[in-house]
Ligand SMILES: Cc1cc2nc3c(=O)[nH]c(=O)nc-3n(C[C@H](O)[C@H](O)[C@H](O)COP(=O)(O)OP(=O)(O)OC[C@H]3O[C@@H](n4cnc5c(N)ncnc54)[C@H](O)[C@@H]3O)c2cc1C
């Protein structure tokens, strides 16, 4: 038993999931239709209100639904539409006007519309609130100009979560506004960026007079930072939340490699893998405990623990795998960017996928908030330690040095 | 020779090496060569050889070289590491030449070494097994009747480009070295698709290849010659790691100075500043261990075997840590293909696993120091 939720809620979720699977057998139902049925039944995000893809129950019960749906062969929507499921859904349901949420959530849930996150800029990474992309109101339409960078999946996304500056004279956190952008707008140009794995998962996005109806603003004008917090907390939870199954995730890959390759084992490596397993399981249990303890409260800064540990654990696990492989670790499949339909993730089952995952893990301590920034959050927000002495918060954004 | 004190000649040599490496291997050129079939430029090799005399540094004078030692070779290696100069230097100069010299086979040395010194001959030492294991007790290539070689080896450094290869094979009296022509009938070579695109490894298939035994009965056994070569190459790889790590430290510090976030240079944040300080410590340790190994070999300041293993363990760890920190300090940019850091990172990962890897070096080091007799 992994939750203290009343049995009735758990039963409701399980019964609903079983009914969806019975009425829409995953193997014979098209993906979008199956995911649409899940949404309509309230299983996309069980903690969302009824009618918005949820059942209004504890978020911790999502696992109950997912294990039944995916156990029956259903798709894993988070891996198809990660920014959509992990961040856009929770942000839209909390901050969009009801009619806009109703328009956006279902195609998101069916994965007919993929989402991306237009936050980071060349001059604003860790210092997200320092961003420079401008949005100016023209009648009832916002006109957006600027440059975003590191935008994962922008090349396939239909919609974007966009944070832009609407008041350069306000202190930086107070001059931001949050929007949902249609990526097919003619003012949007996406250019792929290649990463060290060879793949081009992320992009530069140039916004040159892109237009957004005011109805697609989330939250009040100037209140974008607060809305962005919803997104970032959910991002960290989505990245760091980990699985509730022992031995899944990257540690699972290491255990599998260990079992497949007895020829490579040494006592020193055995000790290392044991220590990594213990760390992975402590992180898993901490995630479980947080889910139970938070009940239906939204996740707070404690979610950053999972993101911090998960990122560094992934790196340590793949370091281990490479050391286990010995000289085989010096090989690589191909750095040519993969093309075609299969580029949904950077993970390619192939003879050298350990090496690829190893390289990919270097980004884990950067994407979704760097480990340094997360340690600041833990120190300041959870432990109440004094913050850095700030030179950038008390004055108008336009006067703060950037570069 | 006072350890760590370079002579004027050695300092001048470092300048020459830095100059030629910087001019021959600007980053665009390294990237261009990464995509070519052979992976390096033969003209650059000739420049390093006949023009500036760097390839013959550790070749005895009687074979046209400079008769210098490992200290000099290490200085050159450091510069090739700084620039990631692509080319078969490790296979040729750091592995095949010392192995050949250790066999005491004068006739073969006379034939091959002048070409090495000129930069016209590429050599490789094929001393792995068919899965890439270094210096197997039971070689996976066997010498049959008439000295014909049959078998496979993998992860042979510079094996595809080599004009001639020294191949470790099982003979009647145990493992022995044989000379094989690069274009010998029955030899097929396939470049292995590598993590580090600036070094090439090959899989060799030998099917009754005509070969010549190398070595004089009086000289070291093949196993000892391979061990000598490995020790030399370990020092060269260690010195190259120092150059590469120094380059990354420099770029991290520069970036930490100029990149502004929260209205301040990121280097003003202690998390970043301390990371840079740790990188400095790593680079300093790596440099000490690499230079010490070179001096131990040339001047006997320490047991050369122990010093080489120490250098491998210290520099491989330092190189890897510095590379990871460099990515981290640069944030998203450090993860891109366009940024040079990944080239150094992949070099660090790959070099740490070559020639038996740092795990084997650590095991030998443990045997030498943990339970002294
Ligand atoms: C694979 C990948 C995918 C990404 N996907 C997206 C995406 O889809 N959408 C999006 O908007 N962004 C995305 N990002 C961007 C990501 O959020 C940023 O890279 C990240 O926030 C860091 O910003 P930066 O790269 O500008 O580094 P910088 O912020 O410049 O950081 C450089 C270094 O300085 C350190 N540093 C900065 N400030 C402090 C401080 N106050 N205290 C201590 N240290 C500090 C950092 O920790 C880091 O080590 C992605 C990044 C990667 C690598």
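The mean count of C-beta atoms from other chains within 10 Å of the C-beta of residues in A:183-194, rounded to a whole number, is 1. Using a Gaussian network model of chain A in which every pair of alpha carbons under 10 angstrom is joined by a spring, one finds that among A:142, A:258, A:45 the greatest mean-square fluctuation is at A:258.
Between residue B:138 and residue B:363, the C-beta separation translates, for a Förster distance of 25 Å, into a calculated FRET efficiency of about 0.85.
Rg/Rh, computed from the Cα trace of region A:140-186 with Rh as the Kirkwood radius, has the value 0.99. Centre-to-centre, using Cα atoms only, region B:300-373 and region A:224-274 are separated by 25 Å.
In chain A, Rg over Rh equals 0.96, where Rg is the alpha-carbon radius of gyration and Rh the Kirkwood radius from pairwise Cα distances.
The mean sequence separation of alpha-carbon pairs under 8 Å and at least six residues apart, normalised by the residue count of region B:1-103, gives a relative contact order of 32 percent.
The alpha-carbon atoms of region B:221-369 define a convex hull whose volume equals 108 cubic angstrom per residue. Per residue of chain B, the DSSP helices (runs of n ≥ 4 H) give a summed -39500 (n - 2.57) that works out to -16500 deg cm²/dmol at 222 nm.
Could you tell me the relative contact order of chain A? Use alpha-carbon pairs under 8 Å, at least six residues apart, and round to a whole percent.
Value for chain A: 14 percent.
Can you compute the equivalent ellipsoid semi-axes for region A:229-382, i.e. the square root of 5 times each eigenvalue of the Cα gyration tensor, sorted largest first and rounded to whole Å?
29, 20, 14
For region A:165-218, the alpha-carbon coordinates run over 40, 26, 18 Å along the three principal axes, in decreasing order. Under the classification rounded if a/c is under 1.5, otherwise prolate if a/b is larger than b/c and oblate if not, where does region B:42-149 fall, given a ≥ b ≥ c as square roots of the Cα gyration tensor eigenvalues? Here region B:42-149 falls in the prolate category. For chain B, a Gaussian network of Cα nodes joined below 10 Å ranks B:138, B:258, B:246 by mean-square fluctuation, and the top entry is B:258. Ordering B:6, A:48 by the number of other Cβ atoms within 10 Å of each residue's own Cβ, fewest first, gives B:6, A:48.
Pair-distance distribution of chain B: all C-alpha pairs, bin width 10 Å, starting at 0; shares per bin in whole percent are 5, 25, 33, 24, 9, 3, 1, 0.
From the Cα gyration tensor of region B:123-218, with a ≥ b ≥ c the square roots of its eigenvalues, which class applies: rounded if a/c is under 1.5, or else prolate if a/b is larger than b/c, or else oblate? Prolate, because a/c is 1.5 or more and a/b exceeds b/c. Calculated mean residue ellipticity, 222 nm, chain A: -12000 deg cm²/dmol, from DSSP H runs (n ≥ 4) at -39500 (n - 2.57) each, averaged per residue and rounded to 500. Taking a ≥ b ≥ c as the square roots of the eigenvalues of the Cα gyration tensor, region B:65-124 is prolate, since a/c reaches 1.5 or more and a/b is larger than b/c.
Using only alpha-carbon positions in region A:11-109, the gyration tensor eigenvalues give semi-axes of 21, 14, 12 Å once each is multiplied by 5 and square-rooted (largest first).
Counting only alpha carbon atoms, the long axis of helix B:70-83 and the longest principal axis of chain B meet at about 60°.
Mean per-residue shielding of peptide A:391-397 is 2, counting Cβ atoms of other chains within 10 Å of each Cβ. Note: region A:217-291, Cα convex hull, 115 Å³ per residue.
If you count, for every residue in B:261-273, the Cβ atoms of partner chains within 10 Å of its Cβ, what is the mean?
That works out to 5 on average.
Expressed in Å, the radius of gyration and Dmax of the Cα atoms of region B:157-298 are 22.5, 73. Start at zero, step by 5 Å, and the Cα-Cα distances of region A:115-225 spread as 2, 14, 24, 26, 19, 9, 4, 2, 0 percent across the bins. Within the listed set B:291, B:255, B:345, the Gaussian network model of chain B (springs between alpha-carbon atoms below 10 Å) gives the highest mean-square fluctuation for B:255.
Translational D (Stokes-Einstein, µm²/s) of region A:144-284 at 20 °C and 1.002 mPa s when Rh comes from the Kirkwood sum over C-alpha pairs? Walk me through the numbers on the way to the answer.
Details: Rh = 18.6 Å.
Translational D for this selection: 115 µm²/s.
Give the Rg/Rh ratio for the protein assembly as shown, taking Rg as the radius of gyration of the Cα atoms and Rh as the Kirkwood radius, to two decimals.
Values: Rg = 29.6 Å, Rh = 28.7 Å.
Rg/Rh: 1.03.
Peptides A:289-295, A:378-384, B:317-323, A:33-39 ranked from most to least packed, by the mean per-residue count of other Cβ atoms within 10 Å: B:317-323, A:33-39, A:289-295, A:378-384.
Over all Cα atoms in region A:102-179, the spread is summed up by Rg and Dmax: 13.6, 41 Å.
Every read-out reported here was derived from the displayed coordinates using simple, explicitly stated rules and does not represent laboratory data. All of these numbers come straight from a predicted model, not from anything done at the bench. All Cβ positions, even for glycine, are placed from backbone atoms using ideal geometry, and neighbour counts span all protein chains on display.
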